[in-house]
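Taking it in order: structure first as structure tokens, then the write-up.
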């Protein structure tokens, strides 16, 4: 049996298996029912490892051990394997989330917060800056920064950026709005974005602009700006800069204020 290395790599990534596991599994799929020795020969896996590997695959729901002698193994249909893997992943994720939620009530998180607070006190505000690579990391930090807003959140973005923020950050906007935080967003509002903007009307004021820029200012202190045009860069290569600098952030917000007065709502909430 010849299976391309590229295919085995994909299986490892999708199903979370090691190299020997995918080799034994695909060998068994090609036979339907087989012994550990036969699978070892077909998959070119050491016989001394084949029983351990099959036991691992059995626990993960990929194979079934057939009763009788010699011991044989039956391949579970791939569609069923996918459902089992999904179920196991969800169960593992739920367990990890419960453990992390439980951590909030322990002394561990208190000690970690204490360490962080003491560390931040020793840092100059101008040193609190960093580079954010990849859109996933950008939005994680953006969410964190916006969640901690006390007075204002000012955003200037592209049409697609506006759509992404409405989809991913609306729950955060709703939370901080209840605390009295003022949210303003300027972006090119196209027809495809109009419905989403209407949905956001109750929590943020959105105005149309033809200008192209990507930045977020929180409380006139923290600034996150993206250095690339999101229309020209793949999400994994998107780059942002986070700076905790009241002087520059408030200056940029003053410029935004001047432009904001000339902008109009393109969509009625």
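The values are calculated or read from the model by the stated rules, or taken from the named source; none is laboratory data. This structure is a prediction, so every number in the text was calculated from the model and none was measured. Every residue, glycine as well, gets a Cβ built from its backbone with ideal geometry; the counts of neighbours run over all protein chains shown.
Scanning the stretch 33-48 for residues that are surrounded by 14 or more Cβ atoms within 10 Å (Cβ to Cβ) and not in a helix (DSSP H, G or I) yields 34, 35, 45. Within the stretch 37-50, not a single residue is assigned by TED's automatic domain parsing to the domain that holds residue 64, in contact (Cβ under 8 Å) with a residue 12 or more places away in the chain and under 21 Å from residue 79 (Cα atoms). Mind checking whether some residue in the stretch 244-266 is in contact with a helix residue (DSSP H, G or I) (Cβ under 6 Å, 6 or more places away or on another chain), under 14 Å from residue 157 (Cα atoms) and in contact (Cβ under 8 Å) with a residue 40 or more places away in the chain? Scanning the stretch 244-266, I find no residue that is in contact with a helix residue (DSSP H, G or I) (Cβ under 6 Å, 6 or more places away or on another chain), under 14 Å from residue 157 (Cα atoms) and in contact (Cβ under 8 Å) with a residue 40 or more places away in the chain, so the answer is no. In the stretch 7-27, the count of residues that are farther than 25 Å from residue 89 by Cα and free of Cβ contacts under 8 Å to residues at least 60 places away in the same chain is zero. With respect to the conditions (1) assigned to a helix (DSSP H, G or I); (2) under 23 Å from residue 86 (Cα atoms), residue 51 lacks only one, and its number is (2). Of the candidates 247, 256, the single residue that is within 22 Å of residue 129 (Cα to Cα), over 25 Å from the mean Cα position of the chain (by Cα) and at pLDDT below 90 is 247. Filtered by the rule that a residue be assigned to a helix (DSSP H, G or I), touching a residue at least 60 places away in the same chain (Cβ under 8 Å) and either farther than 20 Å from residue 209 by Cβ or out of contact with any strand residue (DSSP E or B) (no Cβ under 8 Å at 6 or more places or on another chain) (or both), the stretch 147-182 gives a lone residue, 160. From the set of residues in the stretch 1-32 that are surrounded by fewer than 18 Cβ atoms within 10 Å (Cβ to Cβ) and part of a loop (DSSP other than H, G, I, E, B), which is modelled with the highest pLDDT? Here the residue is 18.
Do the conditions hold for residue 209, that is, is it touching a residue at least 12 places away in the same chain (Cβ under 8 Å) and touching a helix residue (DSSP H, G or I) at 6+ places or on another chain (Cβ under 6 Å)? Give the steps one after another, and end with the answer.
Numbers: touching a residue at least 12 places away in the same chain (Cβ under 8 Å): yes; touching a helix residue (DSSP H, G or I) at 6+ places or on another chain (Cβ under 6 Å): no.
So residue 209 fails the test.
Here 197, 206, 218, 233 are screened, and the one residue that is within 17 Å of residue 137 (Cα to Cα) and either surrounded by fewer than 15 Cβ atoms within 10 Å (Cβ to Cβ) or touching a strand residue (DSSP E or B) at 6+ places or on another chain (Cβ under 6 Å) (or both) is 233. In the stretch 82-105 there is at least one residue that is modelled with pLDDT under 80, outside the structural domain of residue 35 (by TED's automatic domain parsing), loosely packed, with under 12 Cβ neighbours inside 10 Å and farther than 30 Å from residue 28 by Cβ.
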